[in-house]
Every structure is written in structure tokens, then in C-alpha cells.
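*Asks:* So that we are looking at the same thing, I have put the structure below in C-alpha cells.
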Amino acid sequence: MASGEALSALQTAALPPTSTLDVLRELVVAYARKPSINSVAVVGNAPLEPSRERAAAIDGCDAVFRCNSFVLDEPGQPATLGRKVDVVVFNRLLRASPRVFDRYRERLYLMVEPGRLHYEPGRRPARWPLDLGMFMVPNREITLPLSEAIGFASRHEKVWATTGLMSAWIAVTLFPDAALTLAGFSMIDDPDQAEWTHAWGDSCRVAPEHRLEPEAELLRSWVSQGRATLLR
């Protein structure tokens, strides 16, 4: 081996191993523009009544995660869910609200694809921005541990968590010591619903691959244990 090759090999071997989660964590920090993340807000899509306090609490977090067909407070409208968004967690069945791809170059887009465990093709909808960059959330490190935590056999059955819960799980996995704020999770109070009512767009049925009660139980446990604060 030439001396240059030997030096390169030695330098590479000396580098600490980098996991997919390490890379993902660094990306969130970069897009949040914070040297460290001490507080995270995860905002679901359920409609909520206006609240200046809630909106300020969400926007005051170091990193704000929103998912799928999210909405932001608009100028001239009552403050409700805040306007900050650092991370967008979404899937290929996304029904994009007007704000989903707004200023997309300034946000981190995380694609969850639990359906790839069974049948979901890796196609990219043509209506998305052609230069949209995204990070594919790994099923091995995120989806399957979450499924195990809520009792889903996702390797063998077509059942997995909602994108909202996956957003919260990503946040606590990457930043276990950060204060977690939750808002817009209707399943916590109504796990028996058969239809979703969204802050934007029409209501739709809860997909057959989801089981809301185990998800609600996990989120309620975080709140009761002081791991998360729920803003209603």
C-alpha cells in the first residue's frame, strides 16, 4: 500500500462511527439554526381554537416539527398554532396544504415510508417541487422501534403508526433530553374516532393500517410522566 493510501486508511479508521440517527440529528440542528436543541414542539393536524399562548409556546421552541397537511398562522388571523416550522414530516400520500412546500429550501423534509415494509412503491409524485430535497426516515431505526413500543407487528402485518406519532417519536429519539411540547393530536382525547378532522382540507377516514388507542396511550403516558406538555 502506498504511503498516501495508508495515511488515508488510517485517518478513515480513526473517525468515530456515524449512525443514520446521528446524521439526522445533525440535520435537524442545522435547519433549526441552533447549536443545541433544548426544546421541541411537534404539531399535529387537528383543528384547535385560537390561543396566543399556545402559538407563542410552539414558536418559542428551539425546533418545531410539523407533519403532512399542516397549517400556519396567517397574517391578520387569530394566533392558533404558530408560524415557525423547521422540520416537515410527511409521506407519499400527502395532501399538500398551501404552506407545505412554501419556502421549502429553508426546511428539513423527512419522508416516512413504513409502507415500504410491505407494498408501497418508491415513486415521487410529480406535483412536488422538482428540486425538493428530503431525508428518508429509516424504518429500522425509527418505524420498527416505535411499532414495538406500541405493540405493532409491522414487519409481518400491515399496521404502523400515524405520521403524527412518528413525528413525535423522531423528536424524542433524536433529542431525548429536550423538553417536548405537543399540540394538535386529537387521538389523545378521542382514540375511537373513525374519521380525521383536519385544520386544513376535508375530513377523511382513519386509514386501516392505524390503531389509535395504542398511540394515544403512549402519548398520554408521556404527558402523565412529565415527558411531554400537551397544549389543547
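*Asks:* Please tell me if Leu180 is more than 21 Å from Gly115 (Cβ to Cβ), in a helix (DSSP H, G or I) and under 16 Å from the mean Cα position of the chain (by Cα).
*Replies:* So Leu180 fails the test.
*Asks:* Of all residues in the stretch 30-55, which are part of a loop (DSSP other than H, G, I, E, B) and within 20 Å of Phe70 (Cα to Cα)?
*Replies:* Gly44, Asn45, Ala46, Pro47, Leu48, Glu49, Pro50, Ser51, listed by residue number.
*Asks:* Within the stretch 208-220, identify whether any single residue is modelled with pLDDT of 95 or more and farther than 25 Å from Leu117 by Cβ, and answer yes or no.
*Replies:* Within the stretch 208-220 (the criterion being modelled with pLDDT of 95 or more and farther than 25 Å from Leu117 by Cβ), the answer is yes, since at least one residue qualifies.
*Asks:* Something else about it: Can you find even one residue in the stretch 56-74 that is open to solvent by 40 Å² or more (accessible area, probe 1.4 Å), of a type outside the set (A, V, I, L, M), at pLDDT 95 or above and not in a loop (DSSP other than H, G, I, E, B)?
*Replies:* yes
*Asks:* Here's a follow-up. May I ask you to list the residues in the stretch 169-194 that are out of contact with any helix residue (DSSP H, G or I) (no Cβ under 7 Å at 6 or more places or on another chain) and closer than 16 Å to Ser69 by Cβ?
*Replies:* Gly184, Ser186 - these are the residues of the stretch 169-194 that are out of contact with any helix residue (DSSP H, G or I) (no Cβ under 7 Å at 6 or more places or on another chain) and closer than 16 Å to Ser69 by Cβ.
*Asks:* Only one of (1) closer than 23 Å to Val172 by Cα; (2) assigned to a loop (DSSP other than H, G, I, E, B); (3) out of contact with any helix residue (DSSP H, G or I) (no Cβ under 9 Å at 6 or more places or on another chain) fails for Tyr109. Which number is that?
*Replies:* (2)
*Asks:* Given the condition in a loop (DSSP other than H, G, I, E, B) and on the phi > 0 side of the Ramachandran plot, answer yes or no: does some residue in the stretch 138-158 qualify?
*Replies:* Yes, some residue in the stretch 138-158 is in a loop (DSSP other than H, G, I, E, B) and on the phi > 0 side of the Ramachandran plot.
*Asks:* Of the residues Glu141, Glu148, Glu120, Glu106, which is more than 16 Å from the chain's Cα centre (by Cα) and in contact (Cβ under 8 Å) with a residue 60 or more places away in the chain?
*Replies:* None of the others qualify; the one that does is Glu106.
Conditions (1) under 29 Å from Leu231 (Cβ atoms); (2) open to solvent by 20 Å² or more (accessible area, probe 1.4 Å), marked per residue:
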position: Ser51; (1), (2): yes, yes
position: Val88; (1), (2): yes, no
position: Leu94; (1), (2): yes, no
position: Tyr119; (1), (2): no, yes
position: Arg127; (1), (2): no, yes
position: Glu141; (1), (2): yes, yes
position: Glu148; (1), (2): yes, yes
position: Gly151; (1), (2): yes, yes
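*Asks:* So the check is Cβ under 6 Å with 6+ separation or different chains; which pairs have a first residue in the stretch 48-65 that's over 19 Å from Ala171 (Cβ atoms) and a second one that's open to solvent by 60 Å² or more (accessible area, probe 1.4 Å)?
*Replies:* Pro50/Pro78
*Asks:* What is the residue count in the stretch 187-232 for residues that are outside any helix (DSSP H, G or I), surrounded by 13 or more Cβ atoms within 10 Å (Cβ to Cβ) and basic (Lys, Arg)?
*Replies:* Looking only at that region, the number is 3.
*Asks:* Would you check if there is a residue in the stretch 39-62 being touching a Ser or Thr at 6+ places or on another chain (Cβ under 6 Å) and of a type in the set (Asp, Glu)?
*Replies:* Yes, because at least one residue in the stretch 39-62 is touching a Ser or Thr at 6+ places or on another chain (Cβ under 6 Å) and of a type in the set (Asp, Glu).
*Asks:* Continuing with the same structure: Could you tell me how many of the residues in the stretch 38-49 are polar (S, T, N, Q) and either open to solvent by less than 20 Å² (accessible area, probe 1.4 Å) or out of contact with any Cys (no Cβ under 8 Å at 6 or more places or on another chain) (or both)?
*Replies:* Matching residues across the stretch 38-49 total 1.
*Asks:* Return the pairs, sorted by first residue and then second, in which the second residue is at pLDDT below 95 and in a loop (DSSP other than H, G, I, E, B), the first residue lies in the stretch 195-214 and is closer than 13 Å to Asn68 by Cβ, the beta carbons are less than 7 Å apart, and the residues are 6+ apart or on different chains.
*Replies:* Matching pairs, first to second residue: Trp196/Ser203; Gly201/Arg95.
The values are calculated or read from the model by the stated rules, or taken from the named source; none is laboratory data. None of these values were measured; they are calculated from a predicted model. With ideal geometry, Cβ positions are generated from the backbone for all residues, glycine too; neighbour counts draw on all protein chains shown. Areas reflect the complete protein model, heavy atoms only, side chains present, ligands, DNA and RNA absent. Shrake-Rupley method; radii C 1.70, N 1.55, O 1.52, S 1.80 Å.
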